[in-house]
Amino acid sequence: MPRYLPESFADLAESQHGVVARGQATQAGLTRHEITARLRSGRWRPLHSGVYAAFSGRPPREAVLWAAVLRVGHDATLSHQTAAELSGLVDAPASLIHVSVPRQTGSLHVGGIVVHYSSRLPSARHPARTPPQTRIEDTVLDLAQVAGCAEEAVGWGIRACQRRLTKPELLREAMAQRARLRWRGDLAEALTEVREGVHSCLERRYLRNVERAHGLPTGNRQILIVRGTSRAYEDVRYRDYDTCVELDGAAAHPADSRWRDARRDNANAADGIITLRYGWTDVAYRPCAVAAEVARALQRRGWTGTLRRCGPGCTA
């Protein structure tokens, strides 16, 4: 009969959501034969080579993540998309588990796990959260580093601040600790715009390519509107001209919120405020036409400025 596990080992297994490594088991005094007996009896079952679930049934997500960390070893820390999942930066887990280890020679290939090498890992690792994972600021910068374009990189920083997971100042401090960082200039500029109220990549495009590029007045951003018990935020409000611009990104404005948006537009109209709505295609591919339309609306309500051409091919 298998003997009882030492209390310290049982506590360790519990802290790791029931997942243990062979090395941890032998350190606790279990022999190779005792480990094999538990596996043969079904009390334990393998999740990776040398990593076991000390329970029956389907392993929960936390156990799967612990198994990846223990399989990789070498001070492994969940990072990139997986750390983003744990911090709430993304809403769904990625198909692959991302793990970072201190930079070293050689490589490790484990099915279902992407291994990254980082010389910054000791300072990037969160001091308290488990399973081991990178801090939110380092998670954002890691994701920005591997982003395929500036807009994708900037989007991670904007989303982290929008979800109140961090602040622009903290991201700037983390950026200063990195000698090399892709899209550094774009990120720095975006963080300045976040402080001005920009909450999405779409809002950033509107600010840069529509408003600033064409000399429109500067709108107020993320204005809280309270009507009775209803609270809502407007993307851009030109207060002096009773004009509101709403930017409908798919993520920020899902289908089930359309009626709520319509009610808000109707309430604005009743108060004498017009609402212009633009989507990603409008702002990304027709910024000059959008600027011209916004300018006409503002001019009808008292704006005396002049629309500016953004470049030689501007159609505004």
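Each reported figure results from applying straightforward, stated rules to the coordinates on display, with no laboratory input. Fair warning: this is a prediction, and the values are worked out from it, not measured in the lab. Counting neighbours? That spans all protein chains shown, and the Cβs are built from the backbone with ideal geometry, glycine included.
Give me the number: length gained by fully extending Asn266 to Ser95, i.e. 0.36 nm times residue separation minus the C-alpha to C-alpha distance, one decimal in nm.
Numbers: separation 171, 0.36 × 171 = 61.56 nm, distance 4.24 nm.
That pair, Asn266 and Ser95, stretches by 57.3 nm at full extension.
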Next on the checklist: I'd like the distance separating the alpha-carbon centroids of segment 16-67 and segment 176-250, in whole Å.
Outcome noted: 50 Å
Checklist entry - If you look at just the Cα atoms of segment 7-62, how large are its Rg and its Dmax in Å? => result 10.4, 29
Checklist entry - In nm, to one decimal, how far is the modelled label at Arg296 from the one at Arg184, with both set 7 Å along Cα→Cβ? => result 4.5 nm
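Divide by every residue of the chain the summed helix terms, -39500 (n - 2.57) for each DSSP H run of at least 4, and state the resulting mean residue ellipticity at 222 nm, rounded to the nearest 500 deg cm²/dmol. Before the final figure, lay out each step's value.
Working: 14 runs with 131 residues, N = 316.
Value at 222 nm, helices only, nearest 500: -12000 deg cm²/dmol.
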Checklist entry - For the pair Arg45 and Arg163, how long in nm is the line joining their label points, each one 7 Å along Cα→Cβ? => result 3.1 nm
Checklist entry - Across bins of 20 angstrom width beginning at 0, how are the C-alpha pair distances of the chain distributed, in whole percent? => result 27, 42, 24, 8, 0
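Report the gain in length on full extension from His74 to Ser119: 0.36 nm times residue separation, minus Cα-Cα distance, nm rounded to one decimal. Could the numbers behind the result be given before it?
Numbers: separation 45, 0.36 × 45 = 16.20 nm, distance 1.27 nm.
So the chain would gain 14.9 nm between His74 and Ser119.
Compute the length gained on full extension between Thr218 and Arg231: take 0.36 nm times their separation in residues and subtract their Cα-Cα distance, giving the result in nm to one decimal.
Working: separation 13, 0.36 × 13 = 4.68 nm, distance 2.36 nm.
Taking Thr218 through Arg231 to full extension adds about 2.3 nm, to one decimal.
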Next on the checklist: Give me the percent relative contact order of segment 152-238, please, defined on Cα pairs under 8 angstrom at least 6 residues apart.
Outcome noted: 24 percent
Item to check | segment 73-195 - Rg over Rh from alpha carbon coordinates, Kirkwood radius | outcome: 0.95
Checklist entry - Taking Cα pairs under 8 Å and at least six residues apart, what relative contact order does segment 73-195 come out at, in percent? => result 22 percent
Checklist entry - Once amide H atoms are built 1.01 Å from N in the peptide plane, which residues 5 or more positions from Ser100, or in another chain, come under 5 Å H to H? => result Thr77, Leu78, Ser79, His116
Checklist entry - With contacts defined as alpha carbon pairs under 8 Å and 6 or more residues apart, what's the relative contact order of the chain in percent? => result 9 percent
Checklist entry - Taking the Cα atoms only, what angle lies between the long axis of helix 184-195 and the longest principal axis of the chain, rounded to 10 degrees? => result 70 degrees
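Roughly what % antiparallel, to the nearest 5, for the DSSP beta bridges in the chain? Write out the running numbers ahead of the final one.
Working: 20 of 33 bridges.
So the antiparallel bridges in the chain amount to around 60 percent.
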Item to check | J(HN,Hα) series, segment 283-291, from Karplus relation 6.51 cos²θ - 1.76 cosθ + 1.60, nearest Hz, glycine and proline x | outcome: 6, 6, 10, 9, x, 5, 5, 5, 4
Checklist entry - Relative to the first principal axis of the alpha-carbon coordinates of the chain, what is the inclination of helix 61-72, with its axis defined by its Cα atoms, in degrees from 0 to 90 and to the nearest 10? => result 60 degrees
Checklist entry - In degrees between 0 and 90, to the nearest 10, how far off the longest principal axis of the chain does helix 136-145 point, with axes built from Cα atoms? => result 80 degrees
